[in-house]
Amino acid sequence: MRRTRGHGARQEPERVHRARLPLRRSLLGRLLAVSALVAACSVAATAWIAVQTTSGAIKQEQGQNLTADARIYDTLLEYAARNPTWDGVGATVRKLARESGRRVALTTQGRQPLADSATGEAVPALPPQASAVVDPLSVDTVLAARGADGQGTGADRIDPRAVGPFRLSAADSRALRRTADAKVACLNRAGIASDVVVGASGRPRVQIVGNDPERALGTRCDLAALDSPTRSERKALDALTELADACLKRQGREGVRLNNDLSWGDPAPVAVPGEPGAVVPRPVPAPRDAPAEQATPSVEMPERTGENDRAIASCVGTARSEQLSSYVASPALLFIGDEGGATLPGFDLSPANTARIAGAAALVLALTVGASVFAGARLVRPLHALTGAAQRMRDGEQPASVPVSGDDEVGRLAAAFNDMSAHRARLEEQRKAMVSDVAHELRTPLSNIRGWLEAAQDGLADLDPAFVSSLLEEAVLLQHIIDDLQDLAAADAGVLRLHPEPVEVQELLGQVAAAHQARAENAGVTLAVTATAPGPALSADPVRLRQAVGNLVSNAVRHTPEGGRVTLRAYAADRGGGTVVIEVTDTGSGIPADDLPHVFDRFWRAEKSRSRRTGGSGLGLAIVRKLVEAHGGTVEATSTEGEGSTFALRLPGAEPPSAP
């Protein structure tokens, strides 16, 4: 018999609802459309990004190569400034090639090889134009500005690391270093932070932290001793002055006297220590913002504007080049390129490249669609099975399990559906059994009352006290069943009202025992309360708690044979009193292990005949569980068949009073 909804309901709802949806409305169709759209957008975006970023990547790589080239140039320039020849430069060239991943070659100006990082039989030829000329007396200012150490050059383009005859001997350098260390210690004691900086020539100087040398003028730490030239420096400075004077005389100009910083003028002479009668020009202090390497002679001279000063500056630069030529390596050609001579491939949107992009896009699109079809089919198939099973359950058919494909989202959904279906079947069986049990429980007292009343009406029974007492007993039983059902309904609806208050557990157990003492004596059962002093604190509804414990005691007395014992006790499960346990233990027949999980189910009884002599209505333990759960606790049962059972109520203990 098919069910319909109202007069306008369709006559065949099952066939309508189970019809396959069109592809454009189905989950598979939507999955395919979204996958194709995503694939097309991703391919188009990838191609556009590749075209747009290729030029940027090339520029970035060129910038990185330029930085690496500047580092290579600076390292070789330092080698040339510190060595008179290129002998032994091969190790430095190979190290630079390993660090940069590029080919580094060095030749003379006649293109005779000096060092080359490329080895093997088939060495690529060098390009026709060199990357740079490594000459410490004529530095490439562009590459030097991008060097690894940021080393600058003077106005004459001479590398400051080329010091030549101005390099101090080891003894002079140690002596000056001791003096500098003493000055630094003096300044530090005066509260002026300073440090020793050693220049390329080996001459130390004192650097004030904060680069403010005027702070040291007010101290007793005389720094003038560090400005006095050594014998070798005076000799080199005299030779440089002679070369500059010779250049000026060739131009018909007068000679000049050069100071320690290669400035010129006519300052008052000072005596040279250790040289009686010898005088040299008083050194002019270096500029306040001079770098550490500026302690060596350089043509970083004060700005001059006259024609004579420009001529002097030119002659001093020429004299320095002439003086240093024998101390530095000769100019060399530097070649830097990719390993193996390879160049960076270009990229353009030629027809061939366009065809490749289109082919790759089509392949990606096809793979995406194919994968989407495969994945979508596997996804939709179990969903169809779930839909069919749900519709069969709606139509009242016997619920059936659906296959679980795996431990993924769909598989878990199928497993949850199977659990729901099984749970629904159990609930339906329980509902049918409950209706039958309620009808049976209500039928018995009603049948007795009706029978006695009909007998009285027919004159077969007299309205004596025994007759009235029998009717009253049946009415009380009927009222008891109705009250139990009402309590369960209120608990299920969440409207079971509790009135918690402080409860003395031992006193409550004594009240329950006194109420059931007469029944226990009639059954020949000993009913006792095990006292614990002091009893655990508990906050609960005393009426509902007595009802729960009373149901357990009544059940225990009913199933304990004559001569048995029922014991009540309460104790705290932990030291803090967070959980209070109330136990009802009997020495009765016990509960079989298979029946133990069902003892708290409604209308469940181990004796299926439902005789009044062997059991009650089957609602007592169900009410116990609901009352305990309403108090925020749990109930559990343990039993050994033939030895007895123990029912334990675990209730939250009373909170200790807060400190004032």
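Bear in mind these aren't lab numbers, they're just calculated from the coordinates by the rules spelled out. Keep in mind it's a predicted model, so treat the numbers as computed, not measured. Note: ideal-geometry Cβ built from the backbone for every residue, glycine included; neighbour counts use all protein chains shown.
Model label points for Glu254 and Glu643, set 7 angstrom from Cα along the Cα-to-Cβ axis, are 12.9 nm apart.
Taking label points 7 Å from Cα along the Cα-to-Cβ direction, Ala125 and Arg177 give a separation of 5.2 nm.
Most tightly packed first, judged by the mean number of other beta-carbon atoms within 10 Å of their residues, the peptides 418-428, 559-569 read 559-569, 418-428. Note on Gln391 and Ala456: their simple-model spin labels are 6.1 nm apart, each label 7 Å out from Cα toward Cβ.
For region 241-246, putting each phi into the Karplus relation 6.51 cos²θ - 1.76 cosθ + 1.60 with θ = phi - 60° gives couplings of 5, 5, 5, 5, 5, 4 Hz, in residue order, rounded to whole numbers and with x for Gly and Pro. Close amide H contacts of Leu114 (hydrogens built in the peptide plane, cut-off under 5 Å, sequence separation of 5 or more or a different chain): Leu106, Thr107, Thr108. Taking amide H as placed 1.01 Å from N in the peptide plane, Val529 has its amide H under 5 Å from the amide H of Leu568, each at least 5 places away in sequence or on another chain.
Computed from backbone phi with θ = phi - 60° and the Karplus coefficients 6.51, -1.76 and 1.60, the 3J(HN,Hα) list for region 172-182 is 5, 5, 5, 5, 5, 5, 5, 4, 5, 5, 5 Hz; x is used for glycine and proline. Around the amide H of Thr579, modelled in the peptide plane, lie the amide H atoms of Ala573, Asp574, Gly653, all under 5 Å away and 5 or more residues distant in sequence or on another chain. Shown in residue order for region 361-372 are the 3J(HN,Hα) couplings computed by the Karplus curve 6.51 cos²θ - 1.76 cosθ + 1.60 at θ = phi - 60°: 5, 5, 5, 4, 4, 5, 4, 5, 5, x, 5, 5 Hz (x for Gly and Pro).
Annotation: peptides 129-140, 99-110, ranked by per-residue average of other Cβ atoms within 10 Å with the highest first, follow the order 129-140, 99-110. When you count the other C-beta atoms within 10 angstrom of each residue and take the mean per peptide, 464-473, 239-248 line up highest first as 239-248, 464-473.
Estimated from the Cβ-Cβ distance and a Förster radius of 51 angstrom, the FRET efficiency linking Asp195 and Ala311 is about 0.80.
Gain on full extension, evaluated as 0.36 nm per residue between His598 and Gln112 minus their Cα-Cα distance, stands at 164.7 nm.
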